[in-house]
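I have placed the structure first, in the form of structure tokens, so that the comments after it can refer back to it.
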Amino acid sequence: MQLQGKKIMLGVTGSIAAYKSAFLTRLLVKEGASVKVIMTPLAREFITPVTLATLSCNTVLCDFFSHDDGAWNSHVELGIWADLFLCAPASANTMARMAHGVCDNLLLTTYLSARCPVMLAPAMDLDMWQHPATRDNTEKLLSRGNIILEPSTGELASGLSGKGRMEEPEIILEKIKTFFAGSGDPGKSDYRPLKGRKVLVTAGPTHEPIDPVRYIGNQSSGKMGYAIAEELAGKGAEVILVSGPVPVLTGHPNIKLVKVKTAGEMLRECLQWFPGCTACIMAAAVADYTPVIAEDRKLKRGSSNFTLEMKPTPDILKELGSIRSKDQVIAGFALESENEKENARKKLKNKNLDFIVLNSLQEGDCFNSDTNKISIIASDGSEADYEMKPKAAVAADIVGYLLSLMARIRPAESENAI
Ligand code: CTP
């Protein structure tokens, strides 16, 4: 109940993303906040006031006065009541009106009267978001101290794909908690929630040598692990990226790249770096077996069958799970072709993880593709299924999940930390 006693004015505007405001209202109320909802006239075409009134446990306000008894809805009182004015979804039209002080509905007059901080979660088509008019309006709102929760990238209602999706309610909730915890401004472009945190990430395959020119490997491209490293670095973390043999896919100054070839080398590096890290995400596709003997000379071709004796590699994640402290968050991946969730849950428990990211082989080739479809299964039994997305967007979901877990495990320490 981190929002106990907080008063949140939720503005809902005319956008297809208005359905998400129902989830958002529910999450805010569950966290203890008092929520009053104001809708623009067009918003009522997308979601009914009854839904939001039921979820917020308050009458929803749409008009300046009640048509039944003429009672006046004072925008001044509403603006003073709130600790936070959150407009989600904020349409391009409402943002433009806010930027220019137009106040021809209750939501806009309340916005102009609000004495509290204002947070906007824009939702619109990608071209509208990129339009110079919207860019200018956004800049104007930012310059006046409004917090803008940037829309995410993905499939849009128009069928196009790009930036413009309203941020997910769970993420907005986390940003509000962070905001009220006084740990930085989640809408500022220089906001770095992981500043001062070290995170270990592994990526790519391992190559287990047979002789000087041959190896046992797999098809991992490393793209998912590198995208996670980039996302973490972008959020201010100091990332140690222990990578198997893939072309280098990053040059981010916050990422220290440690290149390895074999599972044994990866274990050695992980054991060295893990103790100093707040979190670890193990995205590498580590070989499960390695040849018992790596020949030091190239094997010659023969005419009879050839048998290679293999031994198991160390389970790196399991070893890290056995030495972790309760303050460290640790996550792995599971690549499954059958009984996916059941097997992933077994790995989660067996390796002592906080959460596991499930990649299903039934969803296509997650190794070489630029998109991925995941589920996150957590040690508290919760499960979340995500849509097929570009790997950068998947990385943002995973890091967002990590952030929410870290916020629960380790409360704010410094101005910018979680
Ligand atoms: N992993 C690891 N060391 C290994 C094998 C796997 O650290 N030797 C990690 C992977 O990086 C991943 C998680 O364990 O985060 C699960 O990997 P996966 O290959 O799905 O599972 P395995 O434990 O290898 O089991 P199996 O291959 O039999 O499904």
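Values quoted throughout were computed directly from the atomic coordinates according to the rules given, and no laboratory measurement underlies them. None of these values were measured; they are calculated from a predicted model. All Cβ positions, even for glycine, are placed from backbone atoms using ideal geometry, and neighbour counts span all protein chains on display.
What number, in percent, do you get for the relative contact order of the chain if the mean sequence gap of Cα pairs under 8 Å and at least 6 apart is divided by its residue count?
RCO, the chain: 12 percent.
With 32 Å as the limit, write out which pairs from Lys36/Lys223; Lys198/Lys389; Lys7/Lys223; Lys311/Lys347; Lys311/Lys341; Lys235/Lys347 have Cα-Cα distances beyond it, or answer none.
The pairs that break the limit, which is 32 Å between Cα atoms, are Lys36/Lys223; Lys7/Lys223.
Rounded to the nearest 20 Debye, what is the dipole magnitude of region 7-191 about its Cα centre when Lys and Arg each give +1 and Asp and Glu each give -1 at the C-beta?
Roughly 240 debye, rounded to the nearest 20.
Hey, got the dipole for the chain? About the Cα centre, +1 on K and R Cβ, -1 on D and E Cβ, debye to the nearest 20?
Dipole of the chain, to the nearest 20 debye: 1020 debye.
Across 10 Å bins from 0, what is the distribution of all Cα-Cα pair distances for the chain, in whole percents?
Pair shares across the bins are 4, 20, 27, 22, 14, 7, 3, 2, 0, 0.
If you place +1 on the Cβ of every Lys and Arg, -1 on the Cβ of every Asp and Glu, and leave all else neutral, what size is the dipole of region 198-411 about its Cα centre, to the nearest 20 Debye?
That gives a dipole near 540 debye.
In the chain, once you exclude exposed chymotrypsin sites (Phe, Trp or Tyr not before Pro) (DSSP loop, at most 16 other Cβ within 10 angstrom), what's the longest stretch remaining?
Longest stretch, sites excluded: 65-305.
With Kirkwood's inverse mean 1/r over C-alpha pairs for Rh, give me the Rg to Rh ratio of region 268-327, two decimals please.
Reported Rg/Rh (Cα atoms, Kirkwood Rh): 1.18.
So which lysines pass the test for Lys140, namely a Cα distance under 18 Å, with those fewer than 8 places away in the same chain ruled out?
Once the sequence-local lysines are set aside, what remains near Lys140 is Lys188.
With axes computed from alpha carbons, what is the tilt in degrees of helix 263-273 against the longest principal axis of the chain, rounded to the nearest 10 within 0 to 90?
The two axes meet at around 50 degrees.
If one takes the longest principal axis of the Cα atoms in the chain, at what angle in degrees, from 0 to 90 and to the nearest 10, does the Cα axis of helix 340-350 lie?
It is inclined by approximately 70 degrees.
Simple spin-label model, 7 Å along Cα-to-Cβ: Val76 to Arg214 in nm?
For the pair Val76/Arg214, the computed spacing is 8.6 nm.
For Lys346, go through the aspartates and glutamates and keep the ones whose alpha-carbon is under 19 Å away, minus same-chain ones fewer than eight residues off.
Asp288, Asp315, Glu319, Glu336, Glu338, Asp354, Asp380, Glu383, Asp385
Can you give the relative contact order of region 198-411 as a percent, counting alpha carbon pairs under 8 Å and 6+ residues apart?
Reported relative contact order: 20 percent.
Compute the Cα gyration tensor for region 7-191, then decide on rounded, prolate or oblate, letting a ≥ b ≥ c be the square roots of its eigenvalues: rounded whenever a/c is under 1.5, prolate when a/b is larger than b/c in the other cases, and oblate in all that remain.
The shape class here is rounded.
Write down the percent of antiparallel bridges among all DSSP beta bridges whose residues are both part of the chain, to the nearest 5.
35
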